[in-house]
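Below is one structure, written out as C-alpha cells, with a few remarks after it.
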Ligand code: ACM
C-alpha cells in the first residue's frame with residue numbers, strides 16, 4: 001500500500017512538473033517563443049543552395065557568415081529541388097508574428113525561414129546560425145520547428161563615446177554582436193562633458209576644440225590622479241552615414257543622443273557663449289557631474305541647439321532622437337540674472353520648470369520634423385539627486401505628450417507616474433542594466449533576471465513599456481578590452497530580457513546556450 005501510494009505520488013509529481021514545464025527549450029539566445037524538435041538532421045555543406053526570394057540582403061549576410069565562420073561557400077540560387085535554405089516573405093504572417101517574428105522550419109531535406117518582413121527573416125537567420133553543430137568538416141542542424149517573436153519592440157544597447165572615443169570598427173563589431181542577439185536599437189551617446197564626437201558642419205569648433213582633452217582623471221571618482229595623456233576623436237558625417245547603413249543592414253536603428261542642457265562642457269569649451277558665464281573653459285578630463293550648462297534662456301543658444309539637431313536629423317533616419325536631459329546642476333542658472341529674469345517673465349517657478357519648458361520647446365521642434373524626443377527620466381522634473389535642492393524640483397510644467405522617458409534612476413513608482421501620465425517608457429534601471437557596474441554588483445544572473453516591466457506595474461500600463469536598454473557608460477573604460485569585459489557576456493542576458501517571455505526564461509538553459517557565444521567570442525578576441 002505504502003509502495004503504491006508513493007508510486008502514485010511520484011507519478012503525480014512527474015505529471016505536475018511536466019505540465020509546469022514551459023515549452024521545449026533550445027540553445028538559442030534569446031530563447032524563442034515556441035520550439036518543437038523533430039526527428040532527423042539537415043546536413044549543411046557547400047552544396048546547399050540559398051534561395052533568397054525578396055531577401056537578398058539577408059541571404060547574402062548569411063552566405064558571408066557561413067564563409068567566415070565555417071569556410072563554407074554556399075551559392076545564391078533562384079530555386080532548387082532539395083538541400084536548400086529558402087527565405088520567404090508572407091505579409092499575412094504580420095498579424096500573428098508582428099514586424100519582427102519569424103517561422104523557422106528545419107527538416108532533413110531543407111530549411112525555410114518565413115516572416116512578414118525582412119527583419120523577421122533576418123532574425124530567423126540569427127537563430128539558424130546558432131543551431132549549426134560543427135563536427136570536423138561536417139555541419140548539421142537538428143530538425144526543428146520554431147515560431148518566434150519578441151516580447152518588446154525596443155531592445156537597446158547604449159555606448160557612451162563622450163568619455164572615451166572608441167571608433168567605427170568597435171561600433172561595427174558591437175553592431176554585429178547585437179544583431180546576432182536580435183537587439184534592434186543602438187543608442188549612441190555622442191556628446192558629453194569630456195568630449196563632443198559628431199561633426200556639425202555649422203559649428204566646426206565643436207569637434208576641433210570639443211573632441212579633445214589634455215588629460216584624464218584615472219582611478220575612480222574622487223581620484224586626484226590624471227594620466228597626462230591627450231585624448232581625442234570624433235566621427236565625420238560621412239563616417240556616421242556609413243555606420244548607419246551598416247546598422248540598417250542588420251535591422252538596427254541608431255538613436256543618437258545629444259546631451260542638453262547639462263553634460264555640455266565640451267560644447268561650452270568650444271563656444272563659451274553657450275553657457276551662462278561666457279568664461280572660457282577647457283574640455284574637462286574630470287568625471288562626475290559638472291556645473292557648466294547651456295544657457296537655455298538665450299535665444300542664440302536655442303538656435304544653436306536647433307541647428308545641431310537639424311544636422312543630426314538630416315543624418316539619422318531614426319524616428320527617435322535622444323536629448324539626454326540627465327543630471328543638470330542648477331547652480332549656474334540660479335546665479336545668472338538673465339536666467340532669473342527669463343524665468344520670471346515666463347512664470348517658471350523653479351529651475352526644473354525651466355528645464356521642462358526648454359525640453360518641451362525642443363520636443364516641439366523635433367515633432368515639427370516628424371521626430372520623437374527621448375530623454376532620461378530627469379526630464380519629468382523629479383528629484384533624483386542629492387545635489388538637487390528639493391525646492392528646485394517642484395515642477396508644475398508638464399512634459400510634452402509623445403515624449404519617451406528613459407527611466408534610469410529613482411524609485412520605481414516614478415515609472416508608474418510616467419506611464420499614468422501617458423508617456424512611453426524605456427526601462428534602463430541603473431541597478432539592473434548599467435554595464436559599467438562591476439560583476440559583483442550586477443552578476444550575469446542578476447542581469448538575466450531583469451524584467452523591463454517592473455513588479456507591481458498595473459497591467460493596463462504594460463504596453464507603455466517599450467522595452468529595455470543596457471548602458472555601457474564610458475568613464476573608466478579607456479580601451480576596447482576593458483569595454484568588452486564589461487559588455488560580454490551580459491549583453492546576451494539583456495538581449496534575452498528584451499526578447500523572451502518570462503515563462504520561457506531559464507538561467508541554466510541560457511548558460512548552456514551561451515557556449516556558442518563563448519566559442520565565437522574566443523575566436524573574435526572578446
Ligand atoms: C545617467 O546615468 N546619467 C543617465
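FYI, it's all coordinate maths here, none of it is from the lab. Because the structure is a prediction, the values reported are computed rather than measured. Glycine gets a Cβ as well: all are built from the backbone with ideal geometry, and neighbour counts include every protein chain shown.
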Coordinate range along principal axes, alpha carbons of the stretch 450-526, Å, largest first: 45, 32, 15
For the stretch 226-298, radius of gyration divided by Kirkwood radius, i.e. Rg to Rh on alpha-carbons: 1.08
Sequence-separation-based contact order of the chain, relative, with Cα cut under 8 Å and 6+ spacing, percent: 14
The stretch 75-222, Cα convex hull volume normalised per residue, Å³: 222
Neighbour-count ranking [beta-carbon atoms within 10 angstrom, fewest first] of 475, 161, 242: 242, 475, 161
Normalised per residue, the volume of the convex hull around the Cα set of the stretch 384-455 (Å³): 111
Pairs of alpha carbons in the stretch 179-235 whose separation is greater than 19 Å (percent): 47
Spin-label pair residue 300/residue 523, simplified geometry with 7 Å Cα→Cβ offset, distance in nm: 5.7
Fully extended contour minus Cα-Cα distance, from residue 137 to residue 340, at 0.36 nm per residue: 65.7 nm
Estimated FRET transfer efficiency (residue 37, residue 310; beta-carbon r; R0 60 Å; 0.05): 0.70
Scattering profile of the chain at q = 0.05, 0.11, 0.13 Å⁻¹ [log10 I(q)/I(0), Debye over alpha-carbon scatterers]: -0.23, -0.98, -1.27
Rough spin-label spacing in nm, given labels placed 7 Å along Cα→Cβ, for residue 482 and residue 273: 3.7
Computed [θ] at 222 nm, helices only, for the chain once each DSSP H run of length n ≥ 4 contributes -39500 (n - 2.57): -10500 deg cm²/dmol
Principal-axis tilt of helix 56-70 within the chain, Cα atoms, nearest 10 degrees: 70
Helix axis angle, 168-180 relative to the chain longest principal axis, alpha carbon, degrees: 40
Alpha-carbon gyration tensor eigenvalues x 5, square-rooted, for the stretch 120-165, Å: 32, 19, 7
Per-pair calculated FRET efficiency, R0 = 60 Å: residue 96 and residue 331 via Cβ, rounded to 0.05: 0.65
Residue order, fewest to most beta carbons within 10 Å, for 104, 435: 435, 104
Centre separation in Å (Cα based) which lies between the stretch 238-273 and the stretch 424-454: 24
Rg/Rh (Cα only; Kirkwood hydrodynamic radius) as it applies to the stretch 134-213: 1.22
Cα centroid separation - the stretch 305-331 against the stretch 78-134, whole Å: 38
Contour excess over end-to-end distance, with Cα ends at residue 229 and residue 214 and 0.36 nm allotted per residue: 4.8 nm
Simple label model, 7 Å out from Cα along Cβ direction - residue 109 to residue 438, nm: 5.9
Neighbour-count ranking [beta-carbon atoms within 10 angstrom, fewest first] of 343, 260: 343, 260
Relative frequency of Cα-Cα separations exceeding 22 Å in the stretch 273-411, percent: 39
Rounded to 10°, Cα long-axis angle of helix 490-499 versus longest principal axis of the chain: 80
Overall Cα dimensions of the stretch 397-510, principal axis frame, Å, largest first: 43, 35, 20
